[in-house]
Each structure stands twice: as structure tokens, then as C-alpha cells.
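Down below is the structure, laid out as C-alpha cells.
The values are calculated or read from the model by the stated rules, or taken from the named source; none is laboratory data. All values reported here derive from a predicted model rather than from experimental measurement. So basically every Cβ, Gly included, is an ideal-geometry build from the backbone, and we count neighbours across all protein chains shown.
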Amino acid sequence: MTTDEATKSEGEVQAAALAECGEDITPAGDRGVLKVIKRPGSEDESPMIGDKVYVHYKGKLANGKKFDSSRDRNEPFVFSLGKGQVIKAWDIGVATMKKGEICYLLCKPDYAYGSAGSAPKIPSNATLLFEASRAGELTRGWAHSLLAVELLDFKGEDLFEDGGIIRRIKRKGEGYSNPNEGATVEIHLEGFYGGTRFDCKDVKFVVGEGEDHDIPIGIDKALEKMQRGEHCVLYLGPRYGFGEAGKPKFGILGNAELVYEVTLKSFEKAKESWEMDTKEKLEQAAIVKEKGTMYFKEGKYLQAVIQYGKIVSWLEMEYGLSEKESKASDSFLLAAFLNLAMCYLKLREYTKAVECCDKALGLDQDNEKGLYRRGEARLLMNEFELAKCDFQKVLEVNPQNKAAKSQISVCQKKTKEHNERDRRIYANMFAKFAERDAK
Amino acid sequence: MAVEELRAIIQRCQILEEADFKGEDFNLFQVAGQKCLEDGYAAELLEVIQNEKNKVIIKNMGWNLLSPLVRCIFMYKQEDDKREHCLKILDQLAQLCYPKELFLGLLEEIEQTTQEQVCQTVMLLLQPLQTVLLKLQNKKAYSVGFSLAMIMNQLTPLPVPYTKQQIQEDKLGLCQCCNALVDFAKPFVNEVVENMEMSLEDNEMELKEELLKFCMKSLKYPLLTAQLEQLEGIEEHPFRHFATEIVDVLWAVRELIPLMFLRHKGKTPHWENQEFADIERKDSADSLACLSYLMFVQHFGIDCFPMVFSPSYLLQCNMAHIEVLLKRTEESVLSKGLDLFESCLLRMEDNSLLHHYLEFRDYINVPQDLVKVMTLCPIEHLRKKSLSILQLFIDKFDAEGKYTLFRCLLKTSNHAGVEGYIIKNIKDQIHLSLTKACDNIWFTGHHLISLLDLALLLPEGAETDLLQNSDRIMASLNLLRYLVIKDCESDNHTGVWTTLDKIKQNFLKPLHVGLNMSKAHYEAEIKNKKQNRRESHSSNTVCSVTVSGEKMPAMTTEMQLQVLHSALFTFDLIESVLARVEELIEVKIKAATDENS
């Protein structure tokens, strides 16, 4: 017997045994994925949908031929559970596992690579069937692959990879469609702070405008990643919660961490940019500009950014405009960029502020506000020389601008301070070197 | 005599201590050595260098000979003994000289060479360069990175051989040079790999980063623009070999999988200057797209790739790469984009792609890019291929996805041929919905009506250029004819009877007007032309046509008449189908009213 045949018969035995005693774990009950636990898990908790899971696995075709193994790569395989990133059998199978568990999964092609196969390693349906029918009486008619999986670890999904919003899904929504910015959503939410519930309501609002209903920006952001019918728990950091100011209405102090349970009952999407014609875009631009300004005045900069951002996304790449339209479009864009710059200044995102000013100045190179704001941003980024240039240009455009004048002297003062500090540092350094050399 | 002069200097220096060598000595040594080489005394020079007594002198001064040495080597013929001696001298210098000076000397040679000689020079000096780098104690990682970057920069302006003949000929030696470069890098790769098991120290981390940069650079040039298909008659395809090696290096330093799946999530190194960050992002976008192509189309390194990803997720990961490639115009790059797109789609089953994916911007952008390729690209086989891929893409979507895609393409393609093609697709989908038992809400009833509104109209009313839009108009008429025949007013599955008034208003009526106007116009034109021909036999042409910079031969009146007639023929064709459709509508309506009365 050759080694190849040996592995083949091993696969045969395993597949046969699994087909006999494996538990059907498909929701449809069609025996598409059968599971046998080889080693029970150490903890009782199973991963939730959307969790980042770490597994080791080995995959074999029905003929016993190994097609893949994470051990060969010396590192665990990481994926988001239940998101269609992996073959269906995995999304179903791993969700049933406990931490530390090892199990076998026997999968039909519908739950694995389907009729298309996956070149070059996984043959198409037909080939598999052929191989499988040779694999023995019990497995006849099975076109399956066999997976041994060990669940190493899992953790909640970090929605923006900054630790600010962690989501754990309790019930998966339907399909893959998410509300977009500007979509109208109907949700049920419960907010918890330090273990007590401070808010519980059913509410309908426009994504990006949750603030109007005392809903923090993190919920708006998370909704864009939720699906219809989804029920999840969201852990919000202060930046995505009520921020430094807190929310006196709910008795929430500044920099509080919040927990929300949210169910997205239904939503209606806002139109995509390509679905709107120019006229519609210009009409809408006027509306969202108003809204943005309202938020800005209330100090809700993140919300304002969303509104102004819409104008940019609608109009920045629009071409083929009539002269009149193009004038209107440019003036909306200019206002949007200038206001965005202001928001980013307030949010202390100076690089973005500079970017917006650059774009505004691209439309109108002598724009006083654009130059002034870029100067401010650069000053705060410690780019004193560049900042000074900007303020000087402001004065060229408008010699009466007193603020710019005083900013120039600030720049000069800062440059001087900076130079002196450098000098002190280097002086110390050289003194030390000299000392060391002397020794 | 040059040799004697050299011996004299050497003798004088032999008694000196290393620290006592003066600038003057260096000069004299260089001049004399150079003279030896120029006068053909390479063998004698070799002897001097190999002399144990002269070790210290060569260690200090030898690097000065590099430049004349390289010149001589290129001067002598391949089989010349003198060339052999020169090569031995080069080898000796690499062994004996202080590495730091020689390192700089070698790079200087590579930097100063001409474009024609760059590959030859690089291949000549790689071996000594490697020897020297392996001897360097400090800043090794930096020096390796610097060498690789410098060499790549020197190579980048060279044209990449593309056809089989060009590759075989390898006129400038680029193919050979690239593979030599990988061999050059291997000891450094091994060094990183050997230390991999333990956590890497700063030095090794730096070395790994440098090697990574080299791989990324190689993916962008020459691999992105190189021909990577297997070629008949070439056993060892140099670029395929090079590509395999690069992928192997990435795999060995464990960066392959992270590159494929993590980078595109926005893990970009932080640059203080926004411009640098942008350049880097753009650069790496090209490289990563090429890497994806190598993996999914050419299957390089696929053995290391996890096989448990779902096909739709793989498509999603590749969409950004495909978009990058399709935005380009070079045949080599465009065809890579099309191949990558095709291979991703072939993994999927028909109707399996959920419409929600269209919410990703790429899924809307890429088909639009595809339309651009099929309408604007001058290379025929790419145009054809992009059309077949568009069809493949359409086929993979579920009904709602197809529906959305059709809407989007009708609105954005701006090309009558493509619009006609989409309208034909709509017809096929309606046919499937009507004939299959499964009820399909997207291609019947009210959803369909709003799609029909887009499909059954003249883009600019009666003023539409019918000739330009004839493909679209014929497809629309065919669709309408199909609907009227298949669907009775009493059933009205498709809803066409509900929206018939609108169709008449937006499509049929203006089409009548347009046809009348166009026919009158063209007939007048023909009459005009004929009159002119009778009046003056000298055919003075009014307009000239240029196609891609070349002036087309002027059209004779005869040819112009032919064109005009064929236009009239097209109008007749449209008119006859239009008449048939209207006839059918009337018959059906009459039948329905008869039944009711």
C-alpha cells in the first residue's frame, strides 16, 4: 500500500464515521455540515457573529488529500465570523464552537466551494463527486471536504479599528445591506452607563442626525455597519459617546464609557450619488449645508462633518455641468471645504483641516478664510514658517485683517521659542559629549 | 613603463605604516594602476595585488582601481585572457579592500553607467557588492536597502521586454539582471529567515523592511508591465521565474498573507508629509494589485494561501486591485486587470453574488471602467474580453443586483452600443422571469416599469442622433416587441401595458419625428451631393479625418454618397421594426377590447 493510498483510506474511515455519527448543524437541516467534537472546549462561551476569531485548521478532500492547513503556515487563521468571508460551513461550524474546542466538520460542496471549485487546489463539483463515490459505501453521493478546526480565541468586532466601538451581535440581520449616511432608520435602543439604564426608546431618525434625539455619534456610525433586523451590543468609548461634555440630561459625566443595545428594525437608504442628477444634488446640497451649520453652531462638529461631507461626495466629482450649475456647485463646495476645515480645527484633526483648506484654495486661491484657517491649522501643527506665510497672504488679500496680524506675531514668537528650546537641548547634548570625550 | 612605475610606488609604500599613507600616494597609485590597465598589463597588476606583502596597500588604496577596471572589462572580448585577469582583480579587490570604501565605489560605478550598459554593469558588480555587504559590520540593513533601491532606480527607465521575441533576445539584459538581483538578495533573506523563530532584533527588522521594499518595487517594475503568461518554446520564462522568487521571498519573511489581507485595510506607515504618504499608497496599490494577479491568476504562492475564504470575499478583496489595473491604459497592465477580474468571477456560481455588494463603491466603479475599456481601448482583444467579463459579472449577481447594475450602466455608460447590450440583457432577464416558474419580482411588475422607463426612451427626444444611437434604438424596439408579443394586456405581468402611454410619449412618438427629420435631411444631402458632382468633376473635399494621429485618405464624393445611403438604410430598418411594433400593439389592444365587448 502506498502512502497516498494510506491517507486515502484514513480519509475514508473518518468521512464514513462522521457521516454516521456527526451532528447536523445546518439551519436548514439538510445534513450539509456534520460536526463531531473531538475535544470539548475549556470555556462555555461561544463566539458571536462579527467576532474576530482565531483558529487552527486542517482541510482534506474526500479522497483524503490535504488541501490546506494553518499549521503549515505556523500561524493561526483569523477571520470575522458570520460575515461570508469564509466558506459557509465555517461560518456555521465555528459559531457552534466553544473556546478551546477541537471538532471535525464534514461539508457538502454547497457549503464549501460549490460547483465552481477553487482553482487550482479544489476541483469542481464533478471531480469531487467522482472521487467521493470511490471513497466507500457510506459516503457515496457525498461530495464533501473534511475540516478539523480548533478554536483558539475570539473577541468582539472593533468597528473602526481604533477600539472606540466594539460590537457583539446577538441576532444577525438579514442580507448585507446597511443604512448609509442620510438613511432613515427605525431602531429600538437601550443605553447603559455604569450598569444602570439611562435611556430606552423606539426612535426614527436620519443617520448622521442622531444627536437630535440625544443619540451619540457612535450609534450613527455603528448603524452604517448594521443590517436590517440586527440586534447587537455596542461598547462605546468616550469619543463615540457623549465626549468630554457628557450628557447632563442623562446624568452622564464627561469621558464616560457607554453600553448600548440596539435593534435596527428597518431603514430606508438615502440615494447613492450616482442615482441623483445634478439638479437634485444642488437642491440637497442647500439643505444639508443648513443642517451642517446648525450642528456647528451647537458645537456638534462630528455631526457637522457628516453634513458638509455629503456636499463634497455629491459635487466634487460631478462633471458636465452647465455654467450656471457649475457656479452653484463651486460655491457649495467652497463653503463645504471651508466649514469642514473649521470643524476639523475644532476636532483637532489638523492634517485634515489643511487638506480641506487646500481644496478650498484650489477653488479660490485668494480665499481669506481658507488661508486663515490653513494658517491656524499649521500653527497648531508647529509648522510656524508655513503658518506665517498663510497669514501674510491673508494680509495681502485683506490688509485690515487684525487677527491675521496678531497671528503673525504669535508665529514669530513661537519660532523663537522653538529655536531657543532646540538650542538648549543641543547645548546640553554637546556639553555631555564633550564631557564624555574628556573622560 | 606603467608596471615599473607602479612597482616603484608600491615599494615606497611597503615600508610605510598604514596611517602614514598620504593623499599623494593614493593619487600616484591610482594613476599608475590605471595606466597598467590601459596598457594591457592586467596580468602584472593581478600579480601585484595578489602579493601578500602588498595586502595593506591594496586594502587601503585598491578601491581606486574600480573605475578603470570596469571600463577595461567592458572593452575586452568575452574570451580574452586579459578580461579574465581583470575579473580576478575585481574579485581580489572585493576580498581585500576596506568594505566601506569599496561599497561606495561600487555604487558609484552603477550610478554612473549609461542606460545601455546598466544591466551589464549591475550583473558584473553584484557579486563583489554582495561580498562587501556581507563583510559590513555597521548599517548593513541600510546599505543593503540602499543598494537595492539604487539598482532598481537605475533599471526602472529601461523598457520591459514584452513579446516572446523581445524576451528571448533580452537586448538590454533586463531579464537576466532581475534574476541576478534576487540571487544577490538571497543571503540577506536567509539571514532574516534564520532569525525569524526568535523575535527579530532591530537590525533584522530593518533588513526585513528593506527586503520588503525591494519586493514591492519589483512588483511594480518590471513585473506589473511584464508579460507573465507562459510562453511556448521558452522553458524558463525569466519574468515568471523572477515573480516566483519575489513571492517566495515575501512568503519566507512572512509578509505575503499580511500584504494580501491587512494592508488594504488602511495600515499605512505614517509620513509627516502628506505627499509622501500619497505616493507610497499609490505605489503600493500598484504593487499589491500585481501581487494579487500573481497569486490568483498565475497561482504563484497559492500553496501558502488559506483556502477557506469564500469566493465572494475574495472578489471583494480584489475589487480595489482590479480597479487600479483597469484605470491604466498599457496593454500589459489592462490585461492583468481583466485576467484577475475573470479569475475571481470564475470561482463564483451564477446568481450567487448578493446585490448588497453593489454598495461597495468598487462594485459600481469597476463595471464602469470595464465599459471604458470596451469602448475606448484601441486593442481589440481587450475590448472583446472586457465585454465578456461584463457579462460574467452581470451573471454572478442575484436578480436585484442585476437590476441595480443595469440601471447604473444605462445611466453612466454614454455609449449606444453598451446601452443596447444592457437593454438586450434586460430582455433576457424578463424572458427568464416569464418562463421560469420562480417568480422574480425584479423583472416583472412595478420594479420593471421603472427600468423600462430608462430603457425605452430616446436620450435627447426627437433631436437624438438616430444613426449614432441606432444600436440602442434597435435593442429598445426589440425589447418592446418582445414584451408586446409575450405579455397580454389582460395578464400584464411585465407592466408594459400600464406604462404604454409613457413609452409612446417618450419613445415611439419622438422616434417617428426623428426618423422623418433624419430621412429628409439625408435625402436632401444626397441630392445636394449628386448635384455638386454633376456641376464640378474635380472632387474638392471639405473635411479631413484623422484617426490616432494619422490622416485618413480623403473621402471621394462616391464614398460619401455610399455612407449617406447606408444611413438611409439604417433609418428604413428602424422604421420597419417600429411599424411592426406599433402594429402588434394595435392588434393586441383590439383583441383585448373585442374580448371585453
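Summary table below
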| read-out | value |
| --- | --- |
| Subset tally (residues that are within 23 Å of A:GLU272 (Cα to Cα) and at pLDDT 90 or above) for region B:412-446 | 8 |
| Subset of region B:326-358 [within 9 Å of another protein chain (Cβ to nearest Cβ) and under 18 Å from the mean Cα position of the chain (by Cα)] | B:SER343 |
| Residues (at pLDDT 85 or above, small (Gly, Ala, Ser) and within 24 Å of A:LYS88 (Cβ to Cβ)) located in region A:1-42 | A:ALA28, A:GLY29, A:GLY41 |
| Where a residue in region A:385-397 is of a type in the set (D, E, K, R) and its partner, wherever it lies, is surrounded by 16 or more Cβ atoms within 10 Å (Cβ to Cβ), with Cβ under 7 Å and at least six apart | A:LYS388/A:ILE408; A:LYS388/A:CYS411; A:ASP390/A:LEU371; A:ASP390/A:ARG374; A:ASP390/A:GLY375; A:ASP390/A:ARG378; A:LYS393/A:LEU371 |
| Meets criteria (in contact with a strand residue (DSSP E or B) (Cβ under 9 Å, 6 or more places away or on another chain), of a type in the set (D, E, K, R) and within 14 Å of chain A (Cβ to nearest Cβ)) for B:ARG361 | no |
| Qualifying positions in region B:301-319 - over 22 Å from the mean Cα position of the chain (by Cα) and more than 9 Å from chain A (Cβ to nearest Cβ) | none |
| Single residue of B:HIS431, B:HIS415, B:HIS381 found to be more than 14 Å from every other protein chain (Cβ to nearest Cβ), farther than 23 Å from B:LEU326 by Cα and out of contact with any Lys or Arg (no Cβ under 7 Å at 6 or more places or on another chain) | B:HIS431 |
| Hey, B:LYS336 at pLDDT below 95 and either among the polar types (S, T, N, Q) or within 27 Å of B:ARG383 (Cβ to Cβ) (or both) or not | no |
| Scan of region A:266-322 for residues that are of a type in the set (Gly, Ala, Ser) and either within 23 Å of A:LYS221 (Cα to Cα) or within 14 Å of chain B (Cβ to nearest Cβ) (or both), ordered by number | A:SER266, A:ALA270, A:SER273, A:ALA285, A:GLY292, A:GLY299, A:ALA304, A:GLY309, A:SER313, A:GLY320 |
| Qualifying residue in region A:349-358 (condition: surrounded by fewer than 23 Cβ atoms within 10 Å (Cβ to Cβ), within 14 Å of chain B (Cβ to nearest Cβ), in contact with a helix residue (DSSP H, G or I) (Cβ under 9 Å, 6 or more places away or on another chain) and under 19 Å from A:VAL207 (Cβ atoms)) | no |
| Subset of region B:309-352 (residues that are under 22 Å from A:TRP90 (Cα atoms), out of contact with any Leu (no Cβ under 8 Å at 6 or more places or on another chain) and either crowded, with 21+ Cβ neighbours inside 10 Å or among the basic types (Lys, Arg) (or both)) | B:PHE309, B:SER310, B:PRO311 |
| Residue selected from region A:365-411 under the condition surrounded by fewer than 16 Cβ atoms within 10 Å (Cβ to Cβ) and outside any helix (DSSP H, G or I), by the criterion nearest to the chain's Cα centre (by Cα) | A:MET381 |
| Residues located in region A:80-121, provided they are assigned to a strand (DSSP E or B) and more than 8 Å from chain B (Cβ to nearest Cβ) | A:SER80, A:ILE102, A:CYS103, A:TYR104, A:LEU105, A:LEU106, A:CYS107 |
| Residues (farther than 14 Å from B:ILE9 by Cα and either assigned to a helix (DSSP H, G or I) or at pLDDT 90 or above (or both)) located in region B:39-54 | B:ALA42, B:ALA43, B:GLU44, B:LEU46, B:GLU47, B:GLN50, B:GLU52 |
| Odd one out for A:PHE154, checked against (1) in contact with a Leu (Cβ under 9 Å, 6 or more places away or on another chain); (2) at pLDDT 85 or above; (3) over 12 Å from A:MET226 (Cα atoms); (4) within 14 Å of chain B (Cβ to nearest Cβ) | (4) |
| Residue satisfying all of: in region A:70-79; within 11 Å of another protein chain (Cβ to nearest Cβ) and either of a type outside the set (Phe, Trp, Tyr) or in a helix (DSSP H, G or I) (or both); surrounded by the most Cβ atoms within 10 Å (Cβ to Cβ) among these | A:SER70 |
| Checklist (1) modelled with pLDDT under 80; (2) in a helix (DSSP H, G or I); (3) under 48 Å from the mean Cα position of the chain (by Cα) applied to B:LEU578, failing item | (1) |
| Region A:38-53, residues that are more than 16 Å from A:VAL86 (Cα to Cα) and surrounded by 15 or more Cβ atoms within 10 Å (Cβ to Cβ) | A:GLY41, A:SER46 |
| Unmet criterion (only one of (1) surrounded by 20 or more Cβ atoms within 10 Å (Cβ to Cβ); (2) away from chain A (no Cβ under 14 Å)) for B:LEU405 | (2) |
| Residue pairs meeting the criteria (Cβ under 6 Å; at least 6 apart or on separate chains; first under 13 Å from B:PRO157 (Cβ atoms), in region B:102-120; second among the hydrophobic types (A, V, I, L, M, F, W, C) and in a loop (DSSP other than H, G, I, E, B)) | B:CYS119/B:LEU172 |
| Residue in region B:55-109 that is surrounded by the most Cβ atoms within 10 Å (Cβ to Cβ), counting only those that are among the β-branched types (Val, Ile, Thr) and out of contact with any Cys (no Cβ under 8 Å at 6 or more places or on another chain) | B:ILE89 |
| Verdict on A:THR351 being in the same structural domain as A:GLU230 (by the TED database) and touching a residue at least 12 places away in the same chain (Cβ under 8 Å) | no |
| Residue match in region A:293-309 (condition: over 26 Å from A:ASP214 (Cβ atoms), modelled with pLDDT under 95 and not assigned by the TED database to the domain that holds A:GLY208) | no |
